[in-house]
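Notes for the one structure printed next.
The values are calculated or read from the model by the stated rules, or taken from the named source; none is laboratory data. Computed from a predicted structure; not experimentally measured. For neighbour counting, all protein chains shown are included, and Cβ atoms are generated from backbone atoms with ideal geometry for every residue, glycine included.
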Amino acid sequence: MTTLPVRHAPLVLHPDRFLDPEPGTRRAARAILEATAPLPIVSPHGHVDPRLLADDAPFTDATSLIVVPDHYVHRMLYSQGVPIEALGVPTRDGTPHERDPRAAWRRFAAHVHLFRGTPTGAWLDHVLAETLQVPVRLDAASADHVYDAIGERLADAAFRPRALFTRFGIEVLATTDAATDTLAAHAALRASGWAGRVVPTFRPDAVMRIARAEWRAHHAALEALAGTPLPTYDAFLDALAARRRLFRAHGATATDHAVVTPATGHLAAGELARCYSAALAGTATPDDEARFAAHFLMDMARLSLDDGLVMQLHPGALRDTNPLVLARFGMDAGADIPVATEYTRNLLPLLQAYGNDPRLTLVVFTLDETTYARELAPLAGHWPALRLGAPWWFHDSPEGMLRFRRRTSETAGIHNTVGFTDDTRAFCSIPARHDLARRIDASWLGSLVARHQVGLDDAIEMGRLLAYDLPRRTYRFDRAGEGA
Amino acid sequence: MTTLPVRHAPLVLHPDRFLDPEPGTRRAARAILEATAPLPIVSPHGHVDPRLLADDAPFTDATSLIVVPDHYVHRMLYSQGVPIEALGVPTRDGTPHERDPRAAWRRFAAHVHLFRGTPTGAWLDHVLAETLQVPVRLDAASADHVYDAIGERLADAAFRPRALFTRFGIEVLATTDAATDTLAAHAALRASGWAGRVVPTFRPDAVMRIARAEWRAHHAALEALAGTPLPTYDAFLDALAARRRLFRAHGATATDHAVVTPATGHLAAGELARCYSAALAGTATPDDEARFAAHFLMDMARLSLDDGLVMQLHPGALRDTNPLVLARFGMDAGADIPVATEYTRNLLPLLQAYGNDPRLTLVVFTLDETTYARELAPLAGHWPALRLGAPWWFHDSPEGMLRFRRRTSETAGIHNTVGFTDDTRAFCSIPARHDLARRIDASWLGSLVARHQVGLDDAIEMGRLLAYDLPRRTYRFDRAGEGA
Amino acid sequence: MTTLPVRHAPLVLHPDRFLDPEPGTRRAARAILEATAPLPIVSPHGHVDPRLLADDAPFTDATSLIVVPDHYVHRMLYSQGVPIEALGVPTRDGTPHERDPRAAWRRFAAHVHLFRGTPTGAWLDHVLAETLQVPVRLDAASADHVYDAIGERLADAAFRPRALFTRFGIEVLATTDAATDTLAAHAALRASGWAGRVVPTFRPDAVMRIARAEWRAHHAALEALAGTPLPTYDAFLDALAARRRLFRAHGATATDHAVVTPATGHLAAGELARCYSAALAGTATPDDEARFAAHFLMDMARLSLDDGLVMQLHPGALRDTNPLVLARFGMDAGADIPVATEYTRNLLPLLQAYGNDPRLTLVVFTLDETTYARELAPLAGHWPALRLGAPWWFHDSPEGMLRFRRRTSETAGIHNTVGFTDDTRAFCSIPARHDLARRIDASWLGSLVARHQVGLDDAIEMGRLLAYDLPRRTYRFDRAGEGA
């Protein structure tokens, strides 16, 4: 431990943080948390780069660890007038960016007050105090001290990715990988003999979006991997089925699909052939793409019946809505904004076709909380194939997670949900996110106990389900002998 | 009381169940509940079969009492992979169903953990411990014991329907009856000399849905009851007005109408005649049906001005969305899913025509909670004719009822709501549902007291309004000398 | 102080009213409130008539002060069957109205129980007990006593508008004024030498609504003020820019725009000219108006870049939906009902054009709470120009304000909100509304403290921001030397 200069305020993670303060609720919540806090982390859905663990190279500095990769940080500071390039984020349009990581860190530190009461603020405190063991409250005055202390930590072998993976107690970590990914990093990981379980997830969005300019490049990559031209939709689908088998051989248990609208439904054969030809000719329209995607999702569900990959659907975000930010920083830079999303009618074709089949597990996420109680809980409380994904993105926050539980559990029960998934690309924030989620669930369950709706023993069992058993079971990590 | 073997855990209904645990709130809530718990039950909207009370036959066993008729139970177990036929529910498609009620009960008991934290779980506990006086926690191990204990109770005359009606303290119970129902069961009830007040509700949905294959059969039944052909819409409407008078003569005070979209508005005469002719010819389209229904609701409101029947509108559920379940079990088997529902524009034609008229009471329900604060409370806080129905179906749960109060009361006040209605077909669950609702309202009112927003005396008065006076007044059960 | 007859119950404002009762939360909330309660009132958005302060005439009686101008009161009593004219509100259609203010007051007093648990009830108690210093609980029995006591107060010079303005601690009050308003009252106020800061707000709705019958009269008024015909859209826009400059010279810092849908987007020049010509010819359609408004908002944002006026957008209310009430009482009489509102796609054209520009501040309000977490917080947490307006109209209630904080703060932070704005036309209710808002914010912040999410010192700073600094800063009242 570094001896701290007295001028910096200590950063203390209160043992009761995020728990409802009413004494009966808090007492029950503590008992539940005591049972769930030590459980391993199952992370079936996230965006950590597998090369991080394949290479196991040390992190270099606080800025590249905490500031540069986190678009939650960029968006909040940008909304308050701080240019994203001033945070050290490289640009694509030639705009100069801050090249001094310490200067970028100071700029970040001077604005951490913006995160008061936000999950980003909570995760940051956890990463500093617990993960990096730098228990100093970050602000403009302490910026340099914290920066240097983090640097010291990162130079220590105990803070390299694999060591942290072990310290975090991660039982399994799923990454997200394009359908055309070679899975080289995953292969390298397995070849290295390291015991950590890291598996890919099959995400074929790029080859589904037939109206995009990049589609033909992705399609060509798929042809190259298939070793054959793919002149028809059937050939294209066969190639994807082969990729799915390869992903499964590398341990994958799931697919993932991002759409704006969760429309599903079969196209007539002629119409499907027309869309595919238009894609090949580079003339597919956004409307073609929408109808193609609806059909594509039907086929992905059908393939899941055979290969057992759990199907995940993430609808409802309008992507990359700020052209200036898109040109300067590329996609996923913080200007993705949710839209109202309809599930009842959109999912019906897929559910009517495959929703009664016990071989299918379809995990549906939403950014539109109005659908929790109105559509998703009633759907999940009926269809055997359907499970509700964890509160996602803008909603895996204290209030957001409480709203999810309060609005879905009474109709769907907790068994039709998947428990918590962290969905993060920030490796170091994984335990912070699971800690927060377990606290919120403990607090919610504690309130059921304090209201005499559920006994404490049952509540503890429910807590374990949410923290561990449900994600493990839903994503089929409990099935021995699957995968390679 | 049966002496319990020691191996089964006791089922105790905590006196403070569902009350907010904060001491000030709970203290006030207890005082409110003390005033509301003894009040009679007014049940102006439900689906109990009147033959149950007309025949007064004993219930036969736990499964046919609790499991077979409850689609909340079917849907949850089905969502977790239990076939509905395995619960003893008879099928229509020749699929064999479980014919041993004890085996079905064991299957149910092995899955009751799915209902933890759900209203179905809470109602079940109340039915067991209080209504049936079998205070044993149900699980796989206690299944047989509980089954037998319930069987013992049901053999006792004190557990026959009319005795329970009296024990439940039901002041009045409204059933739901098709426009073409002969009301024979209601007539038999009245003829029996029994003092319980059971009244029908006029629900003409089947004759409104002109695009359905079954429409012509319902129409023919209406012609038979009218004793005359109904070749024109005017004749059709006259026949319905006559049915309404008959319902009123049997004590009815209300009508009920289920639609997907609450669209209202007059059709031009020619267009109306065309729709009606298409219906007679069996060529009406779903679009014809939608426009016909909008007009039909206008006429139902107009008739209410004259005959004083309170008009209820239940929109927003897409019905029978699982073809496999529909074919096997028929309608209302748990695959009804809500959709987003618009009220502000849809109700305007009806409200502009009749909403200022003190003779009309229009009670509007919703499955779309987003409309509570945005549309329904502002509408009810303005139009003299409009009242907000109780939180319904998926939403008469602890959290659901709290959301309703918190989102409607500040704009509409409680006087523009109808208090609680149980909406159940499960006769034995009626007191459980009223108990839960009174507890949630007491807790909500207690929180207003603890925040010094309302004095305790006023809160007690509000509690009595919600539990008793408002449903009684809104549904006009307080008006002497009406009906037959 | 009047000596009260013993028969009337005292009206006591509890020092902890509206604070969460959980002891830890309440303790923190009290500490926060202690810091925020004494802060001056900044009221950047409201509807007080500037002549009230220009004339400084005494208020005449309780009814004309409290009942006649408050459409929240009218709508609730009307919904329960009390004619609006019976409350002393003058009619436009010849219907006789109650001319005895005491009789109208008695009618109001006999119905105050309808406001239990509503913000109107809370504001009324505050106005009586604190502002008017008549600490008697109002009901039918105390009606005359309270009426007389208020009359006594109003005769006192300490209860004239300017004296109250000073007593209320108002630092600045913005009114709302048509684009064609001469600002005579504001000029008179300034000429009077009185030190109170009262500024206009530029609201050009009437000249934007080109399909309305009244448009040509408003346009003619604009031509008269411009001293020149305005045959083209460019000339029209120049005239408006000149009006904006004049408003600024009178101290205005903001514009305000009410629309049903917040659509924005440039029209092609030919299309724009066609719409404007149609307006001049009196042939513009509602569709023309909608597209014209979308373009008009783009130009208003562009003008704000230059003149620095903060742009406010208030969408989502369907206005004057009750023809009977409209004919009898005119606009804004309580029959305005919200509709679902879409922001993500509608605001994009404006944000893509101007949202990255630090010169623009766009404050967006909503009546559709579903957009808080789904659209508005993500938008405000990204775009530098965007700020979230306070919960508005039906939503500046205890539960409504809590929902706003809970659903926006985690994604947008509080710095992307504008703090509280009272939006009232009832001058005497201003301190009541700020008091309630400060209490709710203190309670919300106190809950963050009790959950160890935020330290008490930070929470106090956040409370001051919400109560004072954010509205002052967002509406640019902190910029010296601006305006005239």
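B:His395 passes all but one of (1) in contact (Cβ under 8 Å) with a residue 40 or more places away in the chain; (2) at the interface with another protein chain (Cβ under 10 Å from one of its Cβ atoms); (3) over 30 Å from C:Asp16 (Cβ atoms); (4) not aliphatic (A, V, I, L, M); which number fails?
(1)
Among the residues of region A:336-352, write down those that are more than 9 Å from chain B (Cβ to nearest Cβ) and assigned to a loop (DSSP other than H, G, I, E, B).
Residues satisfying the conditions are A:Asp336, A:Val339, A:Thr341.
Does any residue of region B:166-181 turn out to be of a type outside the set (Lys, Arg), surrounded by 22 or more Cβ atoms within 10 Å (Cβ to Cβ), in a helix (DSSP H, G or I) and in contact (Cβ under 8 Å) with a residue 12 or more places away in the chain?
No.
Counting just the residues of region C:361-381 that are within 30 Å of A:Phe404 (Cβ to Cβ) and more than 10 Å from every other protein chain (Cβ to nearest Cβ), which one comes out surrounded by the fewest Cβ atoms within 10 Å (Cβ to Cβ)?
C:Val364
Out of B:Ala273, B:Ala284, report the one residue that is away from every other protein chain (no Cβ under 11 Å) and touching a residue at least 60 places away in the same chain (Cβ under 8 Å).
B:Ala284
Testing B:Gly196 on (1) surrounded by fewer than 19 Cβ atoms within 10 Å (Cβ to Cβ); (2) more than 22 Å from the chain's Cα centre (by Cα), one condition comes back false. Which one is that?
So the condition that B:Gly196 fails would be (2).
Just need a number here: residues in region C:292-312 that are free of Cβ contacts under 8 Å to residues at least 60 places away in the same chain and crowded, with 20+ Cβ neighbours inside 10 Å.
Total meeting the criteria: 5.
Could you check B:Glu410 against (1) more than 19 Å from C:Thr370 (Cβ to Cβ); (2) touching a helix residue (DSSP H, G or I) at 6+ places or on another chain (Cβ under 8 Å) and say which number it fails?
Answer for B:Glu410: the failing condition is (1).
Yes/no matrix, rows are residues, columns are (1) at pLDDT below 95; (2) in contact with a helix residue (DSSP H, G or I) (Cβ under 9 Å, 6 or more places away or on another chain); (3) closer than 15 Å to C:Ala241 by Cα:
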position: C:Thr176; (1), (2), (3): no, no, no
position: C:Leu189; (1), (2), (3): no, yes, no
position: C:Thr201; (1), (2), (3): no, yes, yes
position: C:Met208; (1), (2), (3): no, yes, yes
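Of the numbered conditions (1) of a type outside the set (Asp, Glu); (2) in contact with a strand residue (DSSP E or B) (Cβ under 9 Å, 6 or more places away or on another chain); (3) under 26 Å from C:Asp422 (Cα atoms), C:Thr120 satisfies every one except a single condition; which is it?
Of everything listed in (1) of a type outside the set (Asp, Glu); (2) in contact with a strand residue (DSSP E or B) (Cβ under 9 Å, 6 or more places away or on another chain); (3) under 26 Å from C:Asp422 (Cα atoms), C:Thr120 misses just condition (2).
Are any of the residues in region B:452-466 free of Cβ contacts under 8 Å to residues at least 60 places away in the same chain, within 14 Å of chain C (Cβ to nearest Cβ) and under 30 Å from C:Asp320 (Cα atoms)?
No, region B:452-466 contains no residue that is free of Cβ contacts under 8 Å to residues at least 60 places away in the same chain, within 14 Å of chain C (Cβ to nearest Cβ) and under 30 Å from C:Asp320 (Cα atoms).
Of the conditions (1) in contact (Cβ under 8 Å) with a residue 12 or more places away in the chain; (2) touching a helix residue (DSSP H, G or I) at 6+ places or on another chain (Cβ under 8 Å), C:Arg319 satisfies every one except a single condition; which number is it?
Just one mismatch for C:Arg319, condition (2).
Would you mention how many residues in region C:158-186 are of a type in the set (Ser, Thr, Tyr) and more than 19 Å from the chain's Cα centre (by Cα)? If you could, list the steps in order and put the result at the bottom.
First, the residues of region C:158-186 that are of a type in the set (Ser, Thr, Tyr): C:166, C:175-176, C:180, C:182.
Filter once more, so that each one left must be more than 19 Å from the chain's Cα centre (by Cα): C:166, C:180, C:182.
Number of matching residues: 3.
Hey, among the residues in region B:19-61 that are closer than 23 Å to C:Pro21 by Cβ and basic (Lys, Arg), which one's farthest from the chain's Cα centre (by Cα)?
Restricting to residues being closer than 23 Å to C:Pro21 by Cβ and basic (Lys, Arg), the top hit is B:Arg27.
Helices (runs of 4 or more DSSP H) wholly in region A:8-121 with at least 3 residues that are more than 11 Å from chain C (Cβ to nearest Cβ) and buried (at least 22 other Cβ atoms within 10 Å of the Cβ) - which ones? Before you say what the answer is, go through the steps one by one.
Details: elements: A:23-36, A:50-55, A:71-79, A:101-109.
Answer list for region A:8-121: A:23-36, A:101-109.
If I ask for residues that are within 9 Å of another protein chain (Cβ to nearest Cβ), surrounded by 21 or more Cβ atoms within 10 Å (Cβ to Cβ) and of a type outside the set (A, V, I, L, M), which ones from region C:313-335 would you list?
Result: C:Gly316, C:Thr321, C:Asn322, C:Gly334.
Just give me the residues in region A:403-418 being within 11 Å of A:Ala437 (Cβ to Cβ) and within 11 Å of chain B (Cβ to nearest Cβ), in sequence order. Before the answer, list the steps.
Of region A:403-418, the ones within 11 Å of A:Ala437 (Cβ to Cβ) are A:404-405.
Of everything in region A:403-418, just one residue is within 11 Å of A:Ala437 (Cβ to Cβ) and within 11 Å of chain B (Cβ to nearest Cβ), namely A:Arg405.
Between a residue in region C:235-263 that is part of a helix (DSSP H, G or I) and any residue that is modelled with pLDDT under 95, which pairs come within a Cβ distance under 7 Å, given they are 6 or more apart or on different chains?
C:Arg248/C:Gly483; C:Ala249/C:Gly483; C:Ala249/C:Ala484
Being assigned to a loop (DSSP other than H, G, I, E, B), facing another protein chain (nearest Cβ under 7 Å), touching a residue at least 12 places away in the same chain (Cβ under 8 Å) and farther than 17 Å from A:Leu313 by Cβ is true for just one of A:Pro358, A:Pro384. Which residue is that?
Working: A:Pro384 fails: farther than 17 Å from A:Leu313 by Cβ.
Of A:Pro358, A:Pro384, the one residue that is assigned to a loop (DSSP other than H, G, I, E, B), facing another protein chain (nearest Cβ under 7 Å), touching a residue at least 12 places away in the same chain (Cβ under 8 Å) and farther than 17 Å from A:Leu313 by Cβ is A:Pro358.
All but one of (1) under 21 Å from the mean Cα position of the chain (by Cα); (2) surrounded by fewer than 21 Cβ atoms within 10 Å (Cβ to Cβ) hold for A:Ala140; state the number of the condition that does not hold.
(1)
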